[in-house]
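Data first, discussion second: the structure below is written as structure tokens.
Taken together, the values in this text are just the output of simple stated rules run on the coordinates, not laboratory data. Keep in mind it's a predicted model, so treat the numbers as computed, not measured. Please note: Cβ atoms are built from the backbone with ideal geometry, for glycine as well, and neighbour counts cover all protein chains shown.
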Amino acid sequence: MKGKHVRGVSDLGKDGIQEILSLSDHFLEVSSRRIPKVPALRGRTIAWLFYENSTRTRLSFETAAKRLSADSMNFSVSSSSINKGESLRDTVETITAMGVDAIVVRHSSTGVPWLLPKWTDASIINAGDGAHEHPTQSLLDCYTIKKQLGDIEGKKIVIAGDIKHSRVARSNILAFKAMGAEIVLVAPRTLLPVDTSLWPVEISQDLDGSIADADVLYMLRMQLERQKEAFVPSLREYTNDYGLTLERAKKLPKHTIIMHPGPMNRGVEIASEVPELDNAVVTNQVSNGVIVRMAVLYFLLGSGAELSEDGNSNE
Amino acid sequence: MSKIVLKGGVIVDKTGERHADIGIGDDGRITEIGEGLSAQKTIDVTGQIVSSGFVDLNAHFSQPGNEKAETFETGTRSAVKGGFTAVLAMPDTGNINDDADTARSILRLGETALCHVEIAGAITMGNQGEQIAPLSEMAALGVRHFADPLIAGESDLIIRRAMEYSQRLGVTLHFGCSGGGLSPEGQMNEGTTSSRLGISGIPKENEEIEVFRLCSLAKMTGARVHIQQIANPQSVKLIAEAQAEGAKVTCEVSPHHFALTEVLVESFEARYKVLPPLMTQENVNEMQKLLHEGKVDAIATGHRPCENHLKEQPFQEAPFGTIGFETALGASITYLNSPLSAILNLLSWRPAEIAGLEDTHGGEIVAGRPGNLTVFDPQKTWVVNGTEMLSKSSSSVFEGIQMKGLVSHTLVDGELVVIDGEIQNNESKR
């Protein structure tokens, strides 16, 4: 089942997702130890290739790599030849020549993770490409839902907000569907892709109607520039119609969990008080992110034997 | 006695099809047509088609200004290998050709070409759409075409003025319709694939709207207008209507728009990034039908070479463009289920008229005409390999595709510039 890359949800499929979710349970245990570190990837080298600014995703990956004792090298925008105009190909070939087992890449252009194997033998992990995919976000979201609700299959998941520009939404639609969830997308017509018939999802422009029986309400970040680009008349109007106001949050069924991939625009897509509610699991998503990314790195770079031995030796 | 004889071929021209040899004289003109001709040099073209040379209404050479991408010399090596004997050079990929000095220098550069080069001036200064370029000064140098290959944001008014003002010069105005008011940042066709990939799309209605207003203004002003690289079949219908109402509007289609689909973008390879973008299968089918029915005037390559390293960039960062000369014939034969005469009408006869070159190109193959001829084997199959092409760029949207139909010899003004697919390195003759 083990593939070479995690570029998109389709590199994993349902079996791959399930394998990573069960590996994640193991790393949850590792992370709860007094010294949450195993030598599972000792001697392995991972390069961070971040062409877009990222704090949370990168820190999450770095933490995951450290807990697995992997070495890493950093080729991020602000600190490397990238901003001296070096081409993607040259950068990738340079990293490869230094010796690297995996490249974690984020890029503003769709498809970059799929181009890299032309220039490197390393495993590719997509940390977000354009508005296309962000598979590790979906994996951590699946893990969070599974931990909170016991299962993903049969659950009604409402994804609300700027679907059109969202790589999180694109990966989540594929992952949630693979895991058997029922998906409703809620957004104004301007913030939906022109053709949604390619996904087996329900489309709605009515947030209140859609969330009445939702199991998961997944709010997407609303970029502040969208107002200038005339996708919505004003952020105020957007918040009224599509934001998770405190009122709406209080009307949610008791079991419904509230998720957000961060960073949040408090007061726009999510009211300032909402993340503090008991059913908001935004910080769980963040801590699960480290665990799931440990599982992803181990899934691609580790071997089962190391894990069980190391697990024993650390107890 | 003739200097060269093309022996044993099938001549296909406007008058039909016949088996005959063609003799070319020292003055570069056809001297005789008939059986059993002989000459100092005989080229055996048995089983092949001899036609008038192809004429490309839409080619970019990037010179002067961006010689890294292409020059007239490299670009026309590729053109003649593809069977073209005349090309119309667009004003926009090197220094913008918007004044007499630039036009003069480009005309001089055209002399390094291996085939006839017509040059197009810009319609507005810097192609900015604000101030009309000195059309009259350029026309005085012999410029008979003006083009705005990426019409975007020009007001109706400035287009009207350019159409009105240029009338007395007897020139043709060429417009591309893919610059988009509806999607200024569009990277590919808007639809299922763009939705799935999260790439901003260009709706096909964008072209329709541009074509509609160009047709209206052409009708209003009586200007001679040529619309470039139609990708949306609906636009062809709008143009046909305008033609029926008396507008002097013609149009062209590029091979990839009747051959390839947007699904190729799923590879994320920037070689599939072209403008207008690759369309859906449904569109491609409809476009083939319209070409077959004779609703389109010309096939033009839109040859727009990009430096190879730029095409290795991520899709959203790479420039638009593909090379096109050497695949035009093969794509036309492979993807259009049309008789050869219909294909030659689109590649040679009709574009020669639109370019104003009907005295020297296209048309009938008769004694006395200049020897601008192409010989090709319509049955020959081959696989496209960009690195083997003669353009400086090897980024072809047709990479790896098997085609039927390959040019073997090309004669420009009676000189054999291509023999058996090889460029003849005698001094550029023009």
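Numbers for the structure displayed
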read-out: Sorted by Cβ density within 10 Å, fewest first, the residues A:K177, A:K250; value: A:K250, A:K177
read-out: Among the listed pairs A:K156/A:K250; A:K4/A:K254; B:K289/B:K311; A:K37/A:K156; A:K155/B:K204; A:K37/A:K164, those beyond 29 Å (Cα-Cα); value: A:K4/A:K254; B:K289/B:K311; A:K37/A:K156; A:K155/B:K204; A:K37/A:K164
read-out: Order of B:H361, A:H165 - criterion: other Cβ atoms within 10 Å of each residue's Cβ, fewest first; value: A:H165, B:H361
read-out: In degrees, nearest ten, helix A:282-301 long axis to first principal axis of chain A (Cα); value: 40
read-out: 222 nm mean residue ellipticity, helices alone, for the protein assembly as shown (DSSP H n ≥ 4; -39,500 (n - 2.57); rounded to 500); value: -9000 deg cm²/dmol
read-out: Formal net charge of residues neighbouring B:H303 (Cβ-Cβ distance under 9 Å; K, R +1; D, E -1); value: -1
read-out: Distance from region A:8-54 to region A:279-295 (C-alpha centre basis), Å; value: 12
read-out: Cα-based shape type of region B:53-354, given that a ≥ b ≥ c are square roots of the gyration tensor eigenvalues and the cut on a/c is 1.5; value: rounded
read-out: Amide H within-cut-off set for B:K3, under 5 Å, with H built and near neighbours excluded; value: B:I24, B:G25, B:D26
read-out: Under 30 Å from B:K41, Cα to Cα: lysines that are on another chain or at least 8 residues apart; value: B:K3, B:K7, B:K14, B:K81, B:K380, B:K404, B:K429
read-out: C-alpha long axis of helix A:13-31 to longest principal axis of chain A, angle in °; value: 70
read-out: Order of B:M403, B:M125 - criterion: other Cβ atoms within 10 Å of each residue's Cβ, fewest first; value: B:M125, B:M403
read-out: Rounded, prolate or oblate (a/c below 1.5 giving rounded, otherwise prolate when a/b exceeds b/c) for region A:135-285 by Cα gyration tensor; value: oblate
read-out: Folded to 0 to 90 degrees: helix B:205-221 orientation relative to chain B principal axis, Cα; value: 80
read-out: Separation in nanometres of the label points that stand 7 Å from Cα toward Cβ, at B:A140 and B:K380; value: 4.7
read-out: Cross-link reach list, aspartates and glutamates versus A:K14, counting only Cα pairs under 18 Å and skipping chain neighbours closer than eight places; value: A:D25, A:E133, A:D141, A:D151, A:E153, A:E182
read-out: Candidate aspartates and glutamates - alpha carbon under 19 Å from B:K237, same-chain residues fewer than 8 apart omitted; value: B:E205, B:E207, B:E208, B:E210, B:E245, B:E252, B:E282, B:E286, B:E293, B:D297
read-out: B:T280-B:N337 pseudo-label distance in nm [points 7 Å out on the Cα-to-Cβ vector]; value: 2.1
read-out: Inter-centroid distance (Cα atoms) of region B:4-49 relative to region B:98-130, Å; value: 35
read-out: Rough spin-label spacing in nm, given labels placed 7 Å along Cα→Cβ, for B:M1 and A:N74; value: 8.1
read-out: B:A122 long-range amide H proximity, modeled H, under 5 Å; value: B:N97, B:D98, B:A147
read-out: Residues listed by number, region A:181-212, amide nitrogen under 18 Å from A:E247 label point at 7 Å toward C-beta; value: A:206-212
read-out: Interchain or long-range residues, amide H under 5 Å from A:H134's placed H; value: A:S171
